[in-house]
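Trainee: The following block contains the structure, expressed as structure tokens.
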Amino acid sequence: MYKGHRISVVTPCYNEEEGIAVTLSDMPSCVDEVIVVDNNSTDRTAEVARKLGARVVVETKQGYGAAYKAGFRNATGDIIVTMDGDGTYPRGFIPLLVDVLLEDGLDFITCDRTGYKSRGSGTALRVFGNWLLGVVQAALFWFYIKDSQSGMWVFRRDILPLLDLTSDGMSLSEELKIEAFTRRELRCAEVPIYYRPRVGESKLNLWRDGFKNLVFLFHKKATHLRRGRKPAPAGWRTGPTPAPADPASE
């Protein structure tokens with residue numbers, strides 16, 4: 001519990017037994033639950049996660065997006081924090097990011113990795129691909145963020161019914177940001193973070209996944225033009241974003 005809010009961390013994993021051990025080793029005490037989504041791992045990812053106190057959810061439909069959506073369905077916290085299970089994202093930033101969300105009355109934060117990175121945490125090709133996808137996203141959807149492919153987000157769980165999340169693959173990262181930043185009902189921001197080298201072998205295929213993400217942006221735009229936006233469900237939160245809890249309640 002942090003300032004009257006339950007915090008859930010959701011982490012999708014595919015063969016990340018080394019990385020998930022690092023990720024869970026220094027999780028802040030303000031986190032109420034960690035959900036590790038085991039996406040058909042063939043190593044000891046699930047076993048290691050359970051030993052370190054995480055709740056393991058199995059998602060047999062392969063894909064980054066499918067795993068995340070399973071995690072969201074199972075999360076019980078008022079606020080959801082996401083990160084990869086490879087040790088790259090700073091767990092120590094979680095209280096700070098939740099503070100920004102609450103004190104600024106935000107609904108959704110995406111984290112920017114383009115500032116300070118430790119040695120070995122990025123390549124020129126990755127940086128260029130991220131920039132290109134960000135430029136295309138800005139041109140199609142009329143909002144710009146520095147890091148369109150970041151996998152660390154902090155958001156209020158009650159916004160999920162507003163978001164039309166269709167991707168089961170890596171494109172979910174950009175889709176989630178598009179859905180959040182283009183909803184007039186939501187207040188969103190990008191906040192810089194520190195970024196470390198990954199632990200373990202990367203599963204990302206830069207050319208294949210980069211091309212799929214590029215194609216997905218045009219598909220998503222066509223869907224918005226054809227069908228419009230998903231309407232807010234009946235009874236969804238009305239009025240301003242809920243005010244932060246009284247600090248005395250911590």
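Trainee: So what is the diffusion coefficient of the range 7-228 in µm² per second by Stokes-Einstein at 25 °C and 0.890 mPa s, using a Kirkwood Rh over Cα pairs?
Mentor: For these conditions, the coefficient is 140 µm²/s.
Trainee: Count the net charge of all other residues whose Cβ sits under 12 Å from the Cβ of Leu217, scoring Lys and Arg as +1 and Asp and Glu as -1.
Mentor: Net charge around Leu217: +2.
Trainee: How big is the antiparallel share of DSSP beta bridges in the range 7-228, given as a percent to the nearest 5?
Mentor: 25
Trainee: Further question: Taking a quarter of the surface of the convex hull around the Cα atoms of the range 136-183, what do you get in nm²?
Mentor: 3.5
Trainee: Where does the longest stretch of the chain lie that holds no trypsin sites (Lys or Arg not before Pro) found in a DSSP loop with 11 or fewer other Cβ atoms within 10 Å?
Mentor: Segment 1-118 is the longest.
Trainee: Using alpha carbon coordinates only, what is the Rg to Rh ratio of the range 13-94, with Rh defined as the Kirkwood radius?
Mentor: Over the Cα atoms of the range 13-94, Rg/Rh equals 0.92.
Trainee: In vacuo Debye scattering of the range 59-162, one point per C-alpha: log10 I(q)/I(0) at q = 0.12, 0.17, 0.23 Å⁻¹?
Mentor: One equal scatterer on each Cα of the range 59-162 leads to -0.48, -0.99, -1.43.
Trainee: Something else: Can you list the DSSP H helices in the chain whose Cα atoms extend at least 20 Å along the helix axis and whose mean Kyte-Doolittle hydropathy is 0.5 or higher?
Mentor: 124-141
Trainee: Shifting gears a bit: Rank Thr11, Gln137, Val37 by how far each Cα sits towards the positive end of the charge dipole of the chain (+1 on Lys, Arg Cβ; -1 on Asp, Glu Cβ) and give me just the farthest.
Mentor: With unit charges placed on the Cβ atoms, the residue in question is Gln137.
Trainee: For the chain, what does the helix formula give at 222 nm: sum of -39500 (n - 2.57) over DSSP H segments with n ≥ 4, over the residue count, nearest 500 deg cm²/dmol?
Mentor: -11000 deg cm²/dmol
Trainee: Reachable lysines from Lys212, Cα under 26 Å, same-chain residues fewer than 8 places away excluded?
Mentor: Lys61, Lys69, Lys117, Lys146, Lys177, Lys203, Lys220, Lys221, Lys230
Trainee: Once each part is reduced to its C-alpha centroid, what is the distance from the range 1-55 to the range 60-92 in angstrom?
Mentor: With the range 1-55 and the range 60-92 each reduced to a Cα centre, they are spaced 9 Å.
Trainee: Related question: In debye to the nearest 20, how big a dipole does the range 7-228 give about its Cα centre with +1 on each Lys and Arg Cβ and -1 on each Asp and Glu Cβ?
Mentor: 660
Trainee: For Phe143 and Trp236 in one chain, what is 0.36 nm times their gap in residues minus the Cα-Cα distance, to one decimal in nm?
Mentor: 31.0 nm
Trainee: Here's something else I'd like to know. Taking R0 as 30 Å, what's the FRET efficiency between Arg126 and Gln62 from their Cβ-Cβ distance, rounded to 0.05?
Mentor: 0.85
Every read-out reported here was derived from the displayed coordinates using simple, explicitly stated rules and does not represent laboratory data. Computed from a predicted structure; not experimentally measured. Counting neighbours? That spans all protein chains shown, and the Cβs are built from the backbone with ideal geometry, glycine included.
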